[in-house]
Amino acid sequence: MASLNEEQTMLRDAARGWVADKAPVTALRRLRDTGGWKTGYDPAAWKDMAEMGWTGVIVPEAFGGSEFGYRSLGLVLEETGRTLAASPLHATAAAASALLLGGSQAQKETWLTRIAAGEITAALAVDEGPHHHPASVALKAEQTATGYSLTGTKRFVPDAAGADLIVVAARLSGAPGDTAGIRLFLVEKGAAGLAATPLHAIDNRAHADLAFAATPAELLGETGAGWDVLTATLDRAAALLAAEMLGTAHQAFEIIVDYLKTRTQFGQLIGSFQALQHRAAKLFTELELTRSCVDAALDALDAGSKDAPALVSLAKAKANDTLHLASIEMVQMHGGIGMTDAHDAGLYMKRARVAEALYGSSSYHRDRYAKLGGY
Amino acid sequence: MADFGAELDVFRTETREWLEANCPASMRTPMTAEETPWGGAKFKWANPDSKLWLDRMAEKGWTAPMWPKEYGGGGLSAGEARVLEQEMARIKARPPLFSFGVWMLGPVLLEYANEDQKKTHLPKIVRGEIRWCQGYSEPGAGSDLAGLQTRCEDKGDHFLINGQKVWTSYADQADWIFCLVRTDTTKKHEGISFVLFDMSTPGVEARPIKLISGESPFCETFFTDVKVPKDQLVGKLNGGWDIAKRLLQFERQNISAGGFGGAAGLEIEDVALAHVGSDNGRIADGDLRARIAAHKMDAKAFALTVRRVEAEAKSGKGLGPAASILKYAAATLNQHKHELMLEAMGAEGLGWDGEGFDRSNIRETRAWLRSKGNSIEGGTSEINLNVVAKRVLGLMDHQ
């Protein structure tokens, strides 16, 4: 397992400092209370992120990025996850991954350059039903005289409403479930027949339903890439989200341990009660195990290892389960105060459930891990 | 000592050649439980190649690769030791020696013993001549180890030891014991000393305890007026608790790194496919399949964590907080594995003995029963969680 190099340590430390200073949990509260869920982020914060180079971390130097890789972007997202910092950084990186993996040279030059510069945001639209199931894509792609057009809907797409570019998985042939007929397309903001409906979700982040009515679209790459590029893109999105979730879970854990060290009952700090000590120690154990999985998945993606798909499923499932546990313990160990809107526990719980569902629940990834293992 | 680049490559080439020439063919096959190379004066070698392999490795000091050469060790750097490990794994070489001396006693002797003691004991450990057992737990001192009562009195020219130990692994087969004794009854932790003595000393008696698995890896060990030379005290009188704790760290580290072993070569998913059946290549029982996948993922997460801890230790940052969770996680994982294995075998896993059951299945069933001790031995899971809560999370004692 690769340990961090100097650039990575600096990147992480800078992210930690910026997040604490500019994007504390109160920033999410402010966004929530001022209707920010429609756009999902504070433009000033996004400008900062771009200036710090975060939008170009996975983008090759040839297109203006720093080419530090997925492990490095994971370090940044882990820090933003700590305070539930809302931004299109993850969604844009997911879409950029599709471009990196399947885009033509011209598409990369057009889009990756602008992504790295922080000029645009992008989104990845795959799922159409309530559960992550990429093979079930039904949205229809048809060839036209000038290119392609898309017709159909996408459900609960992260950061899609304001995105300048949407990478869309659509079906050129076959029935839902048949992976061979799936292709990837690029749709630009304001394209004819594209309608985005912002969703007010529990995490107050910008999710949207998308409707496409004969919307003009460009094939990704020469061939539309297809299933292999889609799954490789989703692996990158899932691993990066797992890193963000690890940060969220770790912060929840630290808030819990702080509370155990300050709250008194029966004349004792509640952290002296063994029942609570053991639960805290078990949560810590899960966090350490999860960190190993997230590091390994991101390293495997950077190394182009053939183990990457299994390691990504491992990382996402572990991050799901650990954040789930942390979010429940955060409310329970705080008692009544944890049930109040004034406390942050509820915000962590709500973000946790959204992140758990995005890019595959634990049961989705356990099933995939078993399939990859040949059973 | 070489730790980088070209020198390490030279070491790798030499090691590869030496292993090819010296590791007997039968030592490159999976080891059965009966062939475990414990060594020691009383040991009966089930396979003569095991003894040959041990002697050849011990000659190079490679049964304790990183110990100093002056005490019989290999004198290897961490990088070289890693290469040796990799090269042994490459040809599937068996470990030449299983030894509490190498895993637990040796490391604390290197830190705490005087020169004479190191010169006397370490080379014999390296060569597998002396098999050691661990005199720690007592009937009244399990999780509360520092409550131990085995008395050690200063009789002028010798120590006199009276008392009883329990859960002494392989005491009936060991040659010597490293033993915690009470040398001051007015204090708890500060009244404990760490002594070494010969198990053939008059007054020492080891009685095997039969476990639920039918096996007897542990003993009750009784000491009645056992005379021990005073130069066999390690460290200071009443200073044994620090040594005891340090040794426990090595014990837990060893358990964690190696896991608890278990069914050799059997993967749960294969057992399940064979016994439950296959539905287009998937384990036909969907619920069992999901639980097996979850377990396999936990096992992978654990293996990745062991690797991360090793990498952190080697980068000079010392053992990070992740190290503290390994014993607890390893125990839980191994027990879960054996429960799933038993469930997957169905009736084939319910045999105790006799003709109606496959030998390997019976072995697995016995291993399932044995695994119940994993969360008790070497510190119970509860004690390990206490340690994490207090030492790592900084939570406080109950007043």
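Do we have A:E79 as part of a helix (DSSP H, G or I) and acidic (D, E) here?
Here the answer is yes, as A:E79 does meet what is asked.
Among the residues of segment B:334-354, is any touching a residue at least 24 places away in the same chain (Cβ under 8 Å), at the interface with another protein chain (Cβ under 8 Å from one of its Cβ atoms) and not polar (S, T, N, Q)?
Looking for residues that are touching a residue at least 24 places away in the same chain (Cβ under 8 Å), at the interface with another protein chain (Cβ under 8 Å from one of its Cβ atoms) and not polar (S, T, N, Q), one finds none in segment B:334-354, hence no.
Among the residues of segment B:50-60, are any surrounded by 15 or more Cβ atoms within 10 Å (Cβ to Cβ), in contact with a helix residue (DSSP H, G or I) (Cβ under 8 Å, 6 or more places away or on another chain) and among the hydroxyl-bearing types (S, T, Y)?
yes
Looking only at segment B:167-205, count how many residues are within 24 Å of B:D242 (Cα to Cα) and surrounded by fewer than 20 Cβ atoms within 10 Å (Cβ to Cβ).
10
Residue check, A:L246 against (1) farther than 23 Å from B:A303 by Cβ; (2) within 14 Å of chain B (Cβ to nearest Cβ); (3) in contact with an Asp or Glu (Cβ under 6 Å, 6 or more places away or on another chain), all met but one. Which one?
All conditions pass for A:L246, except number (1).
For the structure I just gave you, tell me whether B:T305 is out of contact with any Pro (no Cβ under 9 Å at 6 or more places or on another chain) and facing chain A (nearest Cβ under 8 Å).
Spelling it out, B:T305 is indeed out of contact with any Pro (no Cβ under 9 Å at 6 or more places or on another chain) and facing chain A (nearest Cβ under 8 Å).
For segment A:263-288, name all the residues that are touching a Lys or Arg at 6+ places or on another chain (Cβ under 6 Å) and small (G, A, S).
Once the filter is applied, which keeps residues that are touching a Lys or Arg at 6+ places or on another chain (Cβ under 6 Å) and small (G, A, S), segment A:263-288 yields only A:G271.
Against the definition (in the same structural domain as A:I166 (by TED's automatic domain parsing), closer than 25 Å to A:V354 by Cβ and either of a type outside the set (S, T, N, Q) or buried (at least 24 other Cβ atoms within 10 Å of the Cβ) (or both)), how does A:E128 come out, yes or no?
So A:E128 passes the test.
Within segment B:138-157, can you find the residues that are modelled with pLDDT of 95 or more and buried (at least 19 other Cβ atoms within 10 Å of the Cβ)?
B:E138, B:L148, B:T150, B:C152
Residues being among the charged types (D, E, K, R) and at pLDDT below 95: count how many of those fall in segment A:206-242. Give the steps one after another, and end with the answer.
Just the residues of segment A:206-242 that are among the charged types (D, E, K, R), to begin with: A:209, A:218, A:222, A:228, A:235-236.
Filter again for at pLDDT below 95, leaving A:222.
Number of matching residues: 1.
State all residues of segment B:10-27 that are surrounded by 15 or more Cβ atoms within 10 Å (Cβ to Cβ) and assigned to a helix (DSSP H, G or I); if no residue qualifies, say none.
Of everything in segment B:10-27, those that are surrounded by 15 or more Cβ atoms within 10 Å (Cβ to Cβ) and assigned to a helix (DSSP H, G or I) turn out to be B:F11, B:R12, B:T15, B:R16, B:W18, B:L19, B:N22, B:S26, B:M27.
If a residue has to be within 24 Å of B:P48 (Cβ to Cβ) and assigned to a loop (DSSP other than H, G, I, E, B) to count, how many in segment B:75-116 make the cut?
9
Tell me which of these B:K300 doesn't satisfy, since it passes every other one: (1) closer than 25 Å to B:G346 by Cβ; (2) at pLDDT 85 or above.
With (1) closer than 25 Å to B:G346 by Cβ; (2) at pLDDT 85 or above applied to B:K300, the lone miss is (1).
Here's a check for you: in segment A:188-215, which residue that is within 30 Å of A:A85 (Cα to Cα) and without any contact (Cβ under 8 Å) to a residue 40 or more places away in the chain is surrounded by the fewest Cβ atoms within 10 Å (Cβ to Cβ)?
A:G190
Just a yes or no: is a residue in segment A:49-57 under 30 Å from A:E109 (Cα atoms) and at pLDDT below 95?
no
Kindly indicate which of B:L326, B:L266 is touching a helix residue (DSSP H, G or I) at 6+ places or on another chain (Cβ under 9 Å), of a type outside the set (G, A, S) and at pLDDT below 85.
After applying the criteria, what remains is B:L266.
For segment B:287-302, state whether one or more residues are surrounded by fewer than 16 Cβ atoms within 10 Å (Cβ to Cβ) and either at the interface with another protein chain (Cβ under 9 Å from one of its Cβ atoms) or polar (S, T, N, Q) (or both). Steps first, please.
Here is the first cut: in segment B:287-302, the residues surrounded by fewer than 16 Cβ atoms within 10 Å (Cβ to Cβ) are B:287.
Pick out the ones that are also either at the interface with another protein chain (Cβ under 9 Å from one of its Cβ atoms) or polar (S, T, N, Q) (or both) and you get none.
The answer is no, given that none of the residues of segment B:287-302 is surrounded by fewer than 16 Cβ atoms within 10 Å (Cβ to Cβ) and either at the interface with another protein chain (Cβ under 9 Å from one of its Cβ atoms) or polar (S, T, N, Q) (or both).
Give segment A:352-375 a look and list any residue that's closer than 22 Å to A:Q251 by Cα and within 13 Å of chain B (Cβ to nearest Cβ), or say none.
Within segment A:352-375, A:S361, A:S362 qualify.
Out of the residues in segment A:254-278 that are assigned to a helix (DSSP H, G or I) and more than 9 Å from chain B (Cβ to nearest Cβ), state the one that is surrounded by the fewest Cβ atoms within 10 Å (Cβ to Cβ). Reasoning before the result, please.
Initial filter on segment A:254-278 (assigned to a helix (DSSP H, G or I)): A:254-260, A:270-272, A:274-278.
Okay, now just the ones that are also more than 9 Å from chain B (Cβ to nearest Cβ), so A:254-256, A:258-259, A:270, A:275.
Working: A:E254: 14, A:I255: 20, A:I256: 26, A:D258: 11, A:Y259: 21, A:I270: 19, A:A275: 7.
This residue is A:A275.
State which residue is nearest to the other protein chains (Cβ to nearest Cβ) when the search covers only segment A:336-351 and only residues that are in a helix (DSSP H, G or I) and closer than 21 Å to A:A243 by Cβ.
A:Y348
Pick from B:A329, B:A347, B:A311: which is of a type in the set (A, V, I, L, M), in a helix (DSSP H, G or I) and buried (at least 23 other Cβ atoms within 10 Å of the Cβ)? Explain how you work it out, then say what you get.
Working: B:A347 fails: buried (at least 23 other Cβ atoms within 10 Å of the Cβ); B:A311 fails: buried (at least 23 other Cβ atoms within 10 Å of the Cβ).
The unique qualifying residue is B:A329.
Looking only at residues that are within 7 Å of another protein chain (Cβ to nearest Cβ) and without any contact (Cβ under 8 Å) to a residue 60 or more places away in the chain in segment A:291-317, which one is nearest to the chain's Cα centre (by Cα)?
A:A317
The values are calculated or read from the model by the stated rules, or taken from the named source; none is laboratory data. None of these values were measured; they are calculated from a predicted model. We place every Cβ from the backbone using ideal geometry, glycine too, and count neighbours over all the protein chains shown.
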